[in-house]
Amino acid sequence: MAEAEESPGDPGTASPRPLFAGLSDISISQDIPVEGEITIPIRSRIREFDSSTLNESVHSTIMRDLKAVGKKFMHVLYPRKSNTLLRDWDLWGPLILCVTLALMLQRDSADSEKDGGPQFAEVFVIVWFGAVTITLNSKLLGGNISFFQSLCVLGYCILPLTVAMLICRLVLLAGPGPINFMVRLFVVIVMFAWSIVASTAFLADSQPPNRRALAVYPVFLFYFVISWMILTFTPQ
Amino acid sequence: MATTAAPAGGAQNGAGPEWGGFEENIQGGGSAVIDMENMDDTSGSSFEDMGELHQRLREEEVDADAAAAEEEDGEFLGMKGFKGQLSRQVADQMWQAGKRQASRAFSLYANIDILRPYFDVEPAQVRSRLLESMIPIKMVNFPQKIAGELYGPLMLVFTLVAILLHGMKTSDTIIREGTLMGTAIGTCFGYWLGVSSFIYFLAYLCNAQITMLQMLALLGYGLFGHCIVLFITYNIHLHALFYLFWLLVGGLSTMRMVAVLVSRTVGPTQRLLLCGTLAALHMLFLLYLHFAYHKVVEGILDTLEGPNIPPIQRVPRDIPAMLPAARLPTTMLNATAKAIAVTLQSH
């Protein structure tokens with residue numbers, strides 16, 4: 001810019017021949033005035049970015065997170081080979097699902113004689129420690145997925161089983177009986193298979209190809225235990 | 001260092017002709033070669049050098065502080081550019097320091113790479129090891145090979161937990177002071193880790209050649225037989241079937257472990273002690289798992305349960321189905337059921 005202002009008509013005479021002087025002859029035409037800022041406004045851009053998420057209303061923050069969670073739910077319900085769950089992982093969805101499942105599964109009173117179901121904390125601990133164990137196992141087998149990505153995928157794939165729990169509770173309102181049990185068994189088996197297919201679709205690519213079975217087996221056990229808790233739940 | 005360059009040059013010229021080659025290298029290169037002349041000059045006075053270095057650093061610090069003070073003064077005077085820069089630099093430094101500390105702590109405690117070699121298996125290997133755990137090999141003069149991996153044993157323990165849960169649910173076991181899941185996990189992991197440690201300790205006493213990892217792997221694969229037996233007999237409730245499987249499948253997996261240990265121990269007394277203990281614990285564990293979580297016979301417990309049940313956590317119910325109900329109170333084999341009966345009789 002300094003050269004253009006100083007010597008608009010005669011580039012190269014104001015200073016002794018610099019190394020790339022020849023370029024100035026062909027770069028800027030003399031008729032067109034060169035204007036504009038030469039400094040890159042990084043500072044103002046950063047300040048703008050900071051305030052944009054800080055000053056927005058709580059409603060828009062929550063809606064944005066809920067939309068992200070909902071989009072991932074859709075990906076779980078219609079599992080394709082995509083890495084949306086892996087790319088922007090979050091743990092809101094697994095938390096919501098785990099809390100919902102634990103609330104629906106818990107016993108009515110702590111002192112009941114018949115073992116109707118597990119306590120809230122039990123379900124919570126099973127889900128989270130099971131997911132951590134599976135993640136550690138897949139990392140030790142040589143998978144290249146990060147810890148939280150795996151937790152995110154396993155947590156989101158509990159969605160079909162939560163839906164199964166809702167359906168089971170509704171079916172149980174109709175009263176116990178063998179037909180009741182067959183319906184619940186069918187629903188739980190279908191949702192169990194759905195969970196496994198969904199989680200395999202997301203996790204399979206991160207394992208070396210000859211060890212996929214070794215990584216999928218603990219996922220199978222994990223969802224089996226959760227399905228078993230759902231199937232044998234009897235309300236008091 | 002620039003002040004010492006001139007006398008160094010003099011010293012260099014005074015050197016003999018054998019140093020001519022080095023001279024050329026040093027003078028021509030510059031940055032890539034260590035400046036030998038400076039180091040030569042400071043031989044024996046490295047303390048002075050370090051002292052000089054520290055002094056320079058301290059001066060720089062003082063300068064930086066002065067500059068910072070000036071910047072702060074400028075802040076007070078209302079020059080906003082300096083203030084933003086300073087606060088951002090401070091925040092940046094704090095972030096870097098915090099990140100460094102956190103990553104150091106994380107890499108120290110969460111280093112799972114220690115376990116990585118024990119999980120280096122292929123599915124075909126796991127399958128063949130599962131099948132081999134049921135086949136005892138009669139070679140006792142040469143130590144038998146044990147695969148030192150942890151994937152198979154860990155998965156077998158988790159499978160046993162799942163099967164146990166299934167059994168507990170179908171038998172409607174009541175856990176008074178605990179939870180179903182906690183009991184299952186505690187039982188299975190407690191057996192695997194506890195008995196492995198105990199047998200390893202005995203092996204140490206009996207001078208057997210086995211490491212802790214090998215013991216864990218051996219016992220873990222020995223649980224495969226338990227998994228099969230329990231899976232079948234929790235669903236088909238025939239006592240004769242269970243005893244047959246207990247002897248056959250349980251016996252096979254115990255014989256395999258015993259053969260491996262015998263091949264690694266010298267001396268008949270030691271072999272007897274070690275293998276007898278392992279065989280007893282292994283077979284009794286299968287017996288315990290079956291009878292502790294057995295299918296309930298409805299109605300019997302309703303008559304037995306009273307307000308003051310003796311302080312036991314579980315109420316196992318094993319009533320041989322072939323006895324008629326009238327003879328049950330007198331012919332009960334289960335010790336805990338006897339205790340309940342005694343308590344009720346005393347009221």
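Which one of A:F220, A:F224, A:F181 is away from chain B (no Cβ under 11 Å), of a type in the set (F, W, Y) and surrounded by fewer than 21 Cβ atoms within 10 Å (Cβ to Cβ)?
Result of the check over A:F220, A:F224, A:F181: A:F181.
Given the criteria hydrophobic (A, V, I, L, M, F, W, C), more than 22 Å from A:L170 (Cβ to Cβ) and at pLDDT 90 or above, does A:W128 qualify?
The answer is yes for A:W128.
Yes or no: region A:197-207 includes at least one residue that is β-branched (V, I, T) and more than 14 Å from chain B (Cβ to nearest Cβ).
The answer is yes, given that some residue of region A:197-207 is β-branched (V, I, T) and more than 14 Å from chain B (Cβ to nearest Cβ).
Before we move on, is B:V266 at pLDDT below 95, aliphatic (A, V, I, L, M) and in contact with a Ser or Thr (Cβ under 8 Å, 6 or more places away or on another chain)?
no
Could you tell me which numbered condition B:F291 fails, if it satisfies all but one of (1) aromatic (F, W, Y); (2) surrounded by 21 or more Cβ atoms within 10 Å (Cβ to Cβ); (3) modelled with pLDDT under 95?
(2)
Can we say B:R271 is over 26 Å from B:F189 (Cβ atoms), part of a helix (DSSP H, G or I), in the same structural domain as B:F158 (by the TED database) and among the basic types (K, R)?
yes
Can you list the helices (runs of 4 or more DSSP H) found entirely within region A:152-236 that contain at least 1 residues being of a type in the set (G, A, S), more than 23 Å from A:Q119 (Cα to Cα) and touching a residue at least 60 places away in the same chain (Cβ under 8 Å)?
Ranges flagged: A:178-203, A:212-231.
Filter region B:135-164 down to residues that are in contact with a Lys or Arg (Cβ under 7 Å, 6 or more places away or on another chain) and of a type in the set (A, V, I, L, M) and give me whichever is farthest from the other protein chains (Cβ to nearest Cβ).
It comes out as B:I135.
Are any residues in region A:227-236 within 11 Å of another protein chain (Cβ to nearest Cβ) and surrounded by fewer than 17 Cβ atoms within 10 Å (Cβ to Cβ), and if so, which ones?
Result: A:W228, A:T234.
Of all residues in region B:102-133 being at the interface with chain A (Cβ under 10 Å from one of its Cβ atoms) and either in contact with a strand residue (DSSP E or B) (Cβ under 8 Å, 6 or more places away or on another chain) or not in a helix (DSSP H, G or I) (or both), which is surrounded by the fewest Cβ atoms within 10 Å (Cβ to Cβ)?
Ranking the candidates gives B:A110 first.
Hey, among the residues in region A:125-168 that are within 14 Å of chain B (Cβ to nearest Cβ) and of a type in the set (S, T, N, Q), which one's surrounded by the fewest Cβ atoms within 10 Å (Cβ to Cβ)?
Once the filter is applied, the top-ranked residue is A:N144.
Can you say whether B:G182 is surrounded by 10 or more Cβ atoms within 10 Å (Cβ to Cβ), part of a helix (DSSP H, G or I), at pLDDT below 90 and of a type outside the set (D, E, K, R), as far as the supplied structure shows?
It is true that B:G182 is surrounded by 10 or more Cβ atoms within 10 Å (Cβ to Cβ), part of a helix (DSSP H, G or I), at pLDDT below 90 and of a type outside the set (D, E, K, R).
Can you tell me which residues in region B:230-244 are assigned to a helix (DSSP H, G or I) and either at pLDDT 95 or above or farther than 20 Å from B:L278 by Cβ (or both)?
Of everything in region B:230-244, those that are assigned to a helix (DSSP H, G or I) and either at pLDDT 95 or above or farther than 20 Å from B:L278 by Cβ (or both) turn out to be B:F231, B:I232, B:T233, B:H239, B:A240, B:L241, B:F242, B:Y243, B:L244.
The values are calculated or read from the model by the stated rules, or taken from the named source; none is laboratory data. None of the values given here were measured: they were computed from a predicted structure. Glycine also receives a Cβ, built like all others from the backbone with ideal geometry; neighbour counts cover every protein chain displayed.
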